[in-house]
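Comments concern the structure below.
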Amino acid sequence: MLEIKNLYGGVEGKTILNGINLSIKPGEMHAIMGRNGSGKSTLSNIITGRDGYMVTKGDVLFNGESILDWSPEARALAGIFMSFQYPVVIPGVNNTYFLKAALNAKRKNAGKKELDAVGFLKLIKEKLKEVDMDPKYLQRAVNDGFSGGEKKRNEILQMLTLEPKLAILDETDSGLDIDALKIVADGVNRYRNSNRSFLVITHYQRLLNYIEPDFVHVLIDGKFVKSGGKELALELEEKGYNWLE
Amino acid sequence: MSNEQKIIDDNLKKDYEYGFVTDIESETLPPGLNENVIRIISAKKEEPEWLLNWRLKAYRHWLKMEEPKWSKVVYPEIDFQAISYFSAPKKKELASLDEVDPDLLATYTKLGIPLEEQKMLSGVAVDAVFDSVSIATTFKEELKKAGVIFGSFSDAVKNYPELIQKYLGSVVPYTDNYYAALNSAVFTDGSFVYIPKGVRCPMELSTYFRINEANTGQFERTLIIADEGSYVSYLEGCTAPQRDENQLHAAVVELVAHKDATIKYSTVQNWYPGHPKTGTGGIYNFVTKRGICLEENSRISWTQVETGSAVTWKYPSCILKGDNSVGEFYSVAVTNNFQQADTGTKMIHLGKNTKSTIISKGISAGKGQQTYRGEVKIMKGAENARNFSQCDSILIGNQCGAHTFPYIDVRNPSAKMEHEATTSNIGEDQLFYCNQRGISSDDAVSMIVNGFCKDVFKELPMEFAVEATKLMEVSLEGSVG
């Protein structure tokens with residue numbers, strides 16, 4: 001589904017990634033672990049096409065096609081979703097309206113009929129239950145006045161609504177208390193199936209107790225220094241990153 | 001390419017979509033301004049002696065005045081002798097739409113405002129002002145039944161001279177300011193509305209203004225009088241054809257609300273903003289709009305959506321003279337490319353328990369420069385006056401500007417004043433967030449801007465709100481990369 005080949009790149013002229021290779025097949029969950037500054041966010045921003053991030057060498061393929069020239073929205077419409085580390089506040093824009101616009105952009109792109117307000121509300125009410133969110137959040141502006149945990153749940157709500165093929169969870173566990181973490185993990189686990197893939201980016205092993213990855217990659221200085229199964233995360237937790245340097 | 005540079009570059013791509021000129025033979029005076037020109041205008045309009053004298057007094061006063069320089073707008077000096085002060089389509093006084101020049105009707109169709117369709121579908125009476133002379137007035141009969149007078153200013157001068165003489169210049173005297181004085185001297189036409197005692201006007205009254213004649217300054221004069229216990233909602237909307245020379249527009253609008261009367265005045269203004277790449281050729285809009293809440297419990301509400309013109313200088317204001325009277329100002333102004341706007345309001349509290357509300361939303365993109373300038377004045381006798389002001393600005397890109405000058409002058413200690421102001425920008429992070437959810441940058445901007453403006457849009461009549469939303473999309477299309 002996602003193939004990263006010998007990727008070098010960075011931001012503002014600074015090279016941060018130094019030759020990343022990664023292959024994610026349908027149904028797989030990969031976790032990338034690394035300290036601050038190791039290049040985790042740079043990688044997710046390059047995959048999603050954020051302005052300002054440069055690729056100097058290598059390629060990123062999605063379902064066999066190079067996506068480096070694609071606009072961020074084209075990548076999103078193709079099925080790449082990112083749960084933001086810091087979800088953005090959009091004052092004045094109603095959460096329902098935002099989600100409906102996003103879903104309809106996707107449906108339109110797929111040649112499907114756009115949902116009207118009634119159809120959308122029916123759908124979203126089901127999804128709200130899955131992340132244990134109060135319907136009153138629909139009436140608030142996007143992430144405006146949301147607590148850290150509410151913002152992350154809102155991200156997962158968007159994921160469940162937009163049904164991406166590949167979901168990147170960028171530090172989704174940060175700022176979550178244990179109850180919210182469980183709710184988010186439950187949402188992700190229910191969404192998992194043999195066609196959907198995940199790339200979980202995290203600092204700590206904590207989240208991986210609830211979301212079990214198939215593969216774990218340790219990122220240091222823009223390079224994967226070790227890859228392995230879920231047990232690698234536990235080992236890392238025990239020994240620290242220094243062990244691999 | 002940096003995001004900011006992309007924003008600017010894409011900004012420069014959008015052409016004005018209503019750029020066309022209708023070719024209709026016009027009877028036009030040669031450029032120039034002197035007492036003789038004023039006498040000709042007055043004579044062509046078969047005006048009474050007192051009105052000619054009023055015009056001449058205004059002209060003589062104007063000669064002694066200086067063009068105001070205190071606003072933040074910058075524009076080349078206007079040569080008032082290079083302007084033609086009268087232009088009228090040759091056919092006049094038509095009984096029905098069938099007699100209207102087909103070219104003219106086609107122009108309205110291009111603008112998406114076919115008169116006949118409007119008559120049938122929307123129930124909106126239209127007093128169409130094409131250049132300076134009203135050509136077709138619809139729904140006159142139905143309004144007549146209700147006792148409402150709605151028509152061209154020139155007709156009103158002929159048919160209701162006593163009303164004109166009583167109210168003309170009573171809210172905006174010709175001595176008020178430079179452009180009001182000029183307008184008083186040379187105004188050619190406009191609209192007149194009178195709502196009699198206790199009448200709720202049965203429909204929204206709507207006038208579409210349109211500037212069409214090259215080098216013809218437009219000097220509209222609008223006067224609306226709401227008598228005791230009456231209600232009227234008036235809509236004004238404009239588009240203009242593309243043009244190279246700058247076009248001056250200096251209108252005067254006067255509103256008078258008597259006891260228990262309400263006037264709602266809504267404007268959607270979309271005049272040619274100038275060439276998107278150079279800023280040349282746009283309309284200069286120097287307007288004086290003022291209403292007086294003359295007696296108790298009266299209410300005047302201004303709502304404006306300003307997306308056009310190269311230069312806008314406009315402060316729709318309320319004088320709250322009657323006790324318990326209410327003044328409101330809701331404004332959305334957009335400056336894109338090279339547009340400049342210096343706009344706001346004045347609320348002058350004279351009566352007891354008077355209340356005013358100001359909600360101003362400014363949007364700047366490209367190299368647009370925008371200023372909110374507002375004054376709230378609580379006079380000595382205005383016991384328990386209240387004001388709430390909110391001035392928000394949003395910036396798109398890093399080459400535009402937003403400035404806020406709120407003046408507050410309180411001379412009665414019982415006054416309660418609230419002022420809130422915010423400036424924000426549509427950040428790269430917000431756009432990326434929307435993009436990552438599959439929403440294009442244009443759609444994201446229009447979504448964010450509409451959210452920002454909704455407190456004002458909800459004050460507009462339904463059909464205008466839809467139009468305003470569309471207009472915002474067109475005005476800001478391509479303003480981000």
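Only the coordinates and a few stated rules stand behind these numbers; no lab work does. A quick note: this is a predicted structure, and the numbers were derived from the prediction, not measured. A quick note on method: Cβ atoms are made from the backbone with ideal geometry, for glycine too, and the neighbour counts reach across all protein chains shown.
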Dipole magnitude of region A:2-244, debye to nearest 20 (Cβ charges: Lys/Arg +1, Asp/Glu -1, about Cα centre): 560
For a Förster distance of 22 Å, can you work out the FRET efficiency between the beta-carbons of B:ALA146 and B:LYS166, rounded to the nearest 0.05? 0.55
Please list log₁₀ I(q)/I(0) at q = 0.12 Å⁻¹ for region B:262-332, using the Debye equation with identical point scatterers on the alpha-carbon positions. -0.40
Bin width 20 Å, alpha-carbon pairs only: give the P(r) of the protein assembly as shown as whole percents, running from 0 to the bin holding the largest distance. 16, 41, 26, 14, 2, 0
Shape call for region B:24-88 from the C-alpha gyration tensor, a ≥ b ≥ c root eigenvalues: rounded (a/c under 1.5), prolate (a/b greater than b/c) or oblate? oblate
Rounded to two decimal places and with Rh computed the Kirkwood way over Cα pairs, what is Rg over Rh for region A:73-143? 0.96
7 Å from Cα along Cα→Cβ at both A:LYS57 and B:GLU383: what's the point-to-point distance in nm? 8.4
Ordered by fewest other Cβ atoms within 10 Å, a rough proxy for footprinting exposure, B:ILE300, A:ILE183 read A:ILE183, B:ILE300
Among B:VAL376, B:SER440, B:PRO48, the residue whose Cα sits farthest towards the positive end of the charge dipole of the protein assembly as shown (+1 at Cβ of Lys and Arg, -1 at Cβ of Asp and Glu, taken about the Cα centre) is B:VAL376
Considering chain A as a Gaussian network with a 10 Å cut-off on Cα pairs, which listed residue, A:VAL88, A:VAL142, A:VAL218, attains the greatest mean-square fluctuation? A:VAL88
Structure-based [θ]222 nm, chain A - -39500 (n - 2.57) summed over DSSP H runs of at least 4, per residue, nearest 500: -10500 deg cm²/dmol
Along each principal axis of its Cα atoms, how long is region A:1-147 end to end? Whole angstroms, biggest number first, please. 48, 35, 27
Ranked by Cβ crowding within 10 angstrom, fewest neighbours first, how are A:MET82, B:MET379, B:MET447, B:MET462 ordered? B:MET462, B:MET379, B:MET447, A:MET82
Pairs of alpha carbons in chain A whose separation is greater than 29 Å (percent): 28
Report the paramagnetic label zone for A:ASN36: residues of region A:204-241 whose backbone N is under 14 Å from a point 7 Å from Cα along the Cα-to-Cβ axis. A:204
For chain A, modelled as a Gaussian network with Cα springs under 10 Å, which listed residue fluctuates most, A:LEU166, A:LEU199, A:LEU138? A:LEU138
Table column - 3J(HN,Hα) (Hz), region B:389-406, Karplus curve with 6.51, -1.76, 1.60, x for Gly and Pro: 10, 9, 10, 10, 10, 10, 10, 10, x, 10, 10, 9, x, 9, 10, 10, 10, x
R0 = 51 Å: FRET efficiency of A:ARG192 with B:GLU473, Cβ-based, nearest 0.05? 0.80
With +1 on each Lys and Arg Cβ and -1 on each Asp and Glu Cβ, and nothing else charged, work out how big the dipole of the protein assembly as shown is about its Cα centre, in Debye to the nearest 20. 1080
For region A:116-230, the Cα convex hull volume per residue in Å³ comes to 125
Given a cut-off of under 8 Å on Cα pairs at least six residues apart, what relative contact order in percent is computed for chain A? 29
Using a basic spin-label model with each label point 7 Å from the Cα along Cα→Cβ, how many nm lie between A:SER227 and B:GLN390? 5.3
Distance (nanometres) between label positions extended 7 Å along Cα→Cβ at B:TRP70 and A:LEU68: 6.0
In nanometres, the difference between 0.36 nm per residue of separation and the alpha-carbon distance of A:ARG206 and A:TRP243 is 11.4 nm
